[in-house]
1. Using a ≥ b ≥ c from the Cα gyration tensor of segment 1-145 (square roots of the eigenvalues), is it rounded, prolate or oblate, where a/c under 1.5 gives rounded and otherwise the larger of a/b and b/c decides, a/b for prolate?
2. Would you give the gap between the C-alpha center of segment 254-308 and the C-alpha center of segment 102-146, rounded to a whole Å?
3. Checking the a/c ratio against 1.5 first, then a/b against b/c, what shape does the Cα gyration tensor give for segment 111-324?
4. Which of 168, 221, 96 has the fewest other C-beta atoms within 10 Å, and how do the rest follow up to the most?
5. What FRET efficiency comes out for residue 308 versus residue 192 if R0 is 35 angstrom and r is the Cβ-Cβ distance? Round to the nearest 0.05.
6. Which of the three applies to segment 82-146, rounded, prolate or oblate, going by the alpha-carbon gyration tensor with a ≥ b ≥ c and a/c under 1.5 meaning rounded?
7. Express the relative contact order of segment 111-324 as a whole percentage, based on alpha carbon pairs under 8 Å and six or more residues apart in sequence.
8. Which one, 46, 24, 62, projects farthest toward the positive side of the charge dipole computed for segment 3-96 from Cβ point charges (K/R +1, D/E -1)?
Amino acid sequence: MQLAAIIRRAREQGASDVHLEGGMPMALRVRGALRLVGEPLSASTLTVLAREVVGEEGWPEFLERCSYDVSRTLEGQRIRINVLRSARGVGFAIRLLSTSQATLKRLNLHPDLRRLVEPTHGLVLVCGPTGSGKTSTLAALLQELNLGESRHIITVESPIEYALVPRLSFIRQREVGRDTPSFEQALIDAMREDPDVLMVGEMREPEVMRLTLNAAETGHLVLATVHSASASEALSRVVSAFPSEMQAAVCAQLADCLVGVVCQRLRYRPEVGLRVPECEVLMGSTPVKSIVRQGHFYKIPSAIETGAADGCWSFPRYAEWLARKTDWSQPSTSSEEAPPAAPEPAPEPLLPAARPRPVAVTRLPARTRRSASPAKPTESRAAEEGVFVIPGEQDDLVSIIRELEGDGG
């Protein structure tokens, strides 16, 4: 079995994820629901496929850790692969990523999220359950910066899912395990690499959280993901990762650097045939920072409800906006990656003030015979001279013919 054939079949079915397990058929996630396809796959077949995907160099690491992450492009499709050990042998969890650069518009996200990356320093958290599109949203926010500002962006990911192509910004992407041994080391290194923006693909360990908060406090804009079901839970989880004696200081640190939190979940909308992000947005306003500083995270849902003027969105109000939305962006269906980094065409300069009625005149070789159909004198003369005129421009035509006659035709 070839991995390329699996990806091709998944794309034909419109799947977002592929699951392979020994003794079971291939499972595709289509519009959020799993669908079993084909015949059961043998454990030996998947072991051979795993060895091809991981490679001989990475196979000892897989045997030691019993899992391996890698991303690559097959059949023009960017994919993220997790190879794992299970009770049935070797299994695969494959995510099909977008074939084009993620932007807020392409992901059908609210344009107000652009405000999250306008500050030059602070912390932006994107949270949600597994498979809710957190990495895509981070890539879209970085792409907004890339298209509009000149900044030095460093990403630390495991693995790299979106290959960002520089436009105005200078982008450096590092993959944990390949370009750096760990998230901790990458964040320590980043402080010596003159970054303006840092993206931390996964914030789980307390040390990673500590380094991320320090980076956000020291004049950098930091974007990171957290696994949680709400904005208040995301902040609470960051604080609770530290020892109890440090939590008050972490709350103060978090309040000082918080820009905003986006919590999202994917919802299938049958009227457009798409799974789109449904978001809860918490902006780091003064009242919100006061709540975070005190550690009263239970007050955050109320702050979101009353903070519409500051840019906050509750899940119900965001769902109402989605219900009113009409300009949906459809996912790319091209098998080849579109050139996402090609600059947008510059607007054509406005035409200078022209005559009230512009005349399109073209000189062609004079006709040798007159048309058999009757015509007005000016039209016949125009036909003889090889001049074709837009209807309704006869007044201008008369002066043109006179000039031709004056020049000797």
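Rule-based calculations on the coordinates, nothing more; no lab input. None of these values were measured; they are calculated from a predicted model. As a convention, Cβ positions derive from the backbone with ideal geometry for all residues, glycine included, and neighbour counts pool all protein chains shown.
1. Working: a/c = 2.44, a/b = 1.79, b/c = 1.37.
Judged from the Cα gyration tensor, segment 1-145 comes out prolate (a/c at least 1.5, a/b above b/c).
2. Centre-to-centre distance over Cα atoms comes out at 13 Å.
3. Details: a/c = 1.59, a/b = 1.12, b/c = 1.42.
The shape class here is oblate.
4. Working: 168 12, 221 26, 96 20.
So the residues, fewest neighbours to most, are 168, 96, 221.
5. On the way: r = 41 Å, r/R0 = 1.18.
Here the calculated transfer efficiency is 0.25.
6. Values: a/c = 3.14, a/b = 2.22, b/c = 1.41.
Prolate is the answer for segment 82-146, as a/c is 1.5 or above and a/b outweighs b/c.
7. Values: 390 pairs, mean separation 48.7, N = 214.
Result for segment 111-324 is 23 percent.
8. 24
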